[in-house]
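The values are calculated or read from the model by the stated rules, or taken from the named source; none is laboratory data. Quick caveat, the model's predicted, so the values are computed rather than measured. Please note: Cβ atoms are built from the backbone with ideal geometry, for glycine as well, and neighbour counts cover all protein chains shown.
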Amino acid sequence: MKILLPTDGSKSSLNAAKYVAKMAKNSRSPVSVTLISVHDDVGLGHVKQFVANDVVDDYLREVSEKELKPAQKILDAARVKHSMAIKRGHIAEEIIKLANKEKVDMIVMGAKGRTSFVDMLIGSVAQRISSSAKQPVLLVK
């Protein structure tokens, strides 16, 4: 079974990682997980006027690696085979795009991650993914 596990470092996304680790332990078939961190860089538009693109790229990569590390530790401890992906762009779209490209069987993610004022107005990433993804989506509190 191939699972996509979006993580943003929130408590909810770490609970999703723990759930995947437990699910993999109880599975009869091999489980492979792709951890993904996506950052929407729209908010950095004004910064890009003053800072080089590669500096912004390095910053977002460092933040993503920091967010992925706790989930990676959980999967390592459970001996779950995993890979990592770091993306930039519209968060829900990038997650769905990778899910389709990798032909994952399921997306497991936290029901509530980092939220911003914009998310409260438009709707959460979890809602957008669960309503748009072709694959089953499991939301973990």
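For the stretch 72-98, residues that are touching a Leu at 6+ places or on another chain (Cβ under 7 Å), closer than 11 Å to Val33 by Cα and in a helix (DSSP H, G or I) total 1. For the residues Ser37, Ser32, the requirement of being polar (S, T, N, Q), touching a His at 6+ places or on another chain (Cβ under 9 Å) and modelled with pLDDT of 95 or more singles out Ser32. Suppose we keep only residues that are under 13 Å from Ser10 (Cβ atoms) and of a type in the set (D, E, K, R) within the stretch 100-141. Which one would you say is modelled with the highest pLDDT? Ranking the candidates gives Lys141 first.
For (1) within 15 Å of the chain's Cα centre (by Cα); (2) over 22 Å from Val125 (Cα atoms); (3) β-branched (Val, Ile, Thr), each residue gets a yes or a no:
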residue	(1), (2), (3)
Thr7	yes, no, yes
Tyr19	yes, no, no
Met23	no, yes, no
Arg28	no, yes, no
Leu68	yes, no, no
Ile74	yes, yes, yes
Ala78	no, yes, no
Ile86	yes, no, yes
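Please indicate, with yes or no, whether at least one residue in the stretch 30-41 is without any contact (Cβ under 8 Å) to a residue 24 or more places away in the chain and not in a strand (DSSP E or B). Looking through the stretch 30-41, none of the residues is without any contact (Cβ under 8 Å) to a residue 24 or more places away in the chain and not in a strand (DSSP E or B).
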